[in-house]
1. Just checking: which of the strands (runs of 3 or more DSSP E) contained wholly in region 142-221 hold 2 or more residues that are more than 25 Å from L31 (Cβ to Cβ) and over 14 Å from the mean Cα position of the chain (by Cα)?
2. Among the residues of region 20-45, how many are in contact (Cβ under 8 Å) with a residue 24 or more places away in the chain, within 14 Å of K120 (Cβ to Cβ) and within 17 Å of the chain's Cα centre (by Cα)?
3. Report, by residue number, each residue of region 125-141 that is touching a helix residue (DSSP H, G or I) at 6+ places or on another chain (Cβ under 7 Å), under 23 Å from T101 (Cβ atoms) and assigned to a loop (DSSP other than H, G, I, E, B).
4. Which residues, taken from region 28-51, are assigned to a loop (DSSP other than H, G, I, E, B), of a type outside the set (A, V, I, L, M, F, W, C) and closer than 30 Å to Q89 by Cβ?
5. Mind checking which pairs have a first residue in region 152-164 that is of a type outside the set (V, I, T) and crowded, with 20+ Cβ neighbours inside 10 Å and a second that is modelled with pLDDT under 95 and in a strand (DSSP E or B), Cβ under 7 Å, 6 or more apart or different chains?
6. For N64, are the conditions met, namely being in contact with a helix residue (DSSP H, G or I) (Cβ under 8 Å, 6 or more places away or on another chain), more than 21 Å from I18 (Cα to Cα) and of a type outside the set (D, E)?
7. I'd like to verify a number: residues in region 132-142 that are surrounded by fewer than 19 Cβ atoms within 10 Å (Cβ to Cβ) and either touching a residue at least 60 places away in the same chain (Cβ under 8 Å) or touching a Lys or Arg at 6+ places or on another chain (Cβ under 6 Å) (or both), how many?
8. Check I177, I170, I185 and return the single one that is aliphatic (A, V, I, L, M), surrounded by fewer than 20 Cβ atoms within 10 Å (Cβ to Cβ) and within 20 Å of K44 (Cβ to Cβ).
Amino acid sequence: MMSAGNISRFWEWGRKIICVGRNYADHAKELKNAIPTEPLLFLKPPSAYVREGSPILVPSYSRNLHHEVELGVVIGKGGTAIPRADAMQHVAGYALCLDMTARDVQDECKSQGLPWTRAKAFNTSCPVSDFIPKESIPEPGDVTLWLKVNEQLRQRGCTSQMIFSIPHLISYISDFITLEEGDLILTGTPKGVSAVQEHDELQAGIEGVITMHFRVDRQHH
C-alpha cells in the first residue's frame, strides 16, 4: 500500500490515468448518448496531468473545450482481477480531477468511429487537486462535486448518481488492465458540462473536502 512518502511524491511521477465515460445518466443524456450497460473506458497519458498554479491549455486544434469535474480514485495497492468485495482495500485515497475535453474533436471522432485520443489525451487535459487521504472521504459514493466558471455554477452533482460504483469500476478495469500503485481512475462527470474560453477562471470542489482553481490559456506554438 502507498506509504506517506510515496503519497507525497505521487503527483510528481503520476501513473496511468483510466477514465470512465458516461457514468452519470443525466450527463449521457445531455450529450445525447445512450446510457451504458457496462463501463465505457478511455485512457490519458501521465503527460495530461497539470497541477494548480499552471494553466489549462486549449489545444491549438480545438475551438470548443469543455470542463468535466470528476472524483478521482488513487490506487494504493496494485492487482489484477480484483474482486468487487476487496476493491476498496486497493484505494489509497482520492483527488478532485477535471477531464478537459475538446468536444468538437470528440464529436468528429465519434461521427467517424475513431478513437478519442486527440480530444481527451492532450497536455493539461487532466487537472488534479492535492492528494486526498482515504480517511478524508469515508463515503466516496456520496460526495458532492461542483464546478464554477468565472464564479458561475456550471456543474453540481453527487457521486451517488454514478451508474457504476467505485468497487464495480476497480473490479471491472482490473480484469483486463492490471492496476498499479499510483494509477488514477476518473469516475465520470455529472451533467452541466460546457465550453471554456481563454482567460476563464475555473473553480472546482468536493463539498466539505477540497477546492482547486485553474486558469485557461490557449496553446501557443
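1. Ranges flagged: 210-218.
2. Within region 20-45, residues that are in contact (Cβ under 8 Å) with a residue 24 or more places away in the chain, within 14 Å of K120 (Cβ to Cβ) and within 17 Å of the chain's Cα centre (by Cα) number 8.
3. Of everything in region 125-141, just one residue is touching a helix residue (DSSP H, G or I) at 6+ places or on another chain (Cβ under 7 Å), under 23 Å from T101 (Cβ atoms) and assigned to a loop (DSSP other than H, G, I, E, B), namely S125.
4. P36, T37, E38, P39, P45
5. G157/Y24; M162/Y24
6. Spelling it out, N64 is indeed in contact with a helix residue (DSSP H, G or I) (Cβ under 8 Å, 6 or more places away or on another chain), more than 21 Å from I18 (Cα to Cα) and of a type outside the set (D, E).
7. 2
8. Going through I177, I170, I185 in turn, the sole match is I177.
The values are calculated or read from the model by the stated rules, or taken from the named source; none is laboratory data. Keep in mind that this is a model prediction, so the values were computed, not measured. Cβ coordinates were reconstructed from backbone atoms using ideal geometry, including for glycine residues, and neighbour counts include every protein chain displayed.
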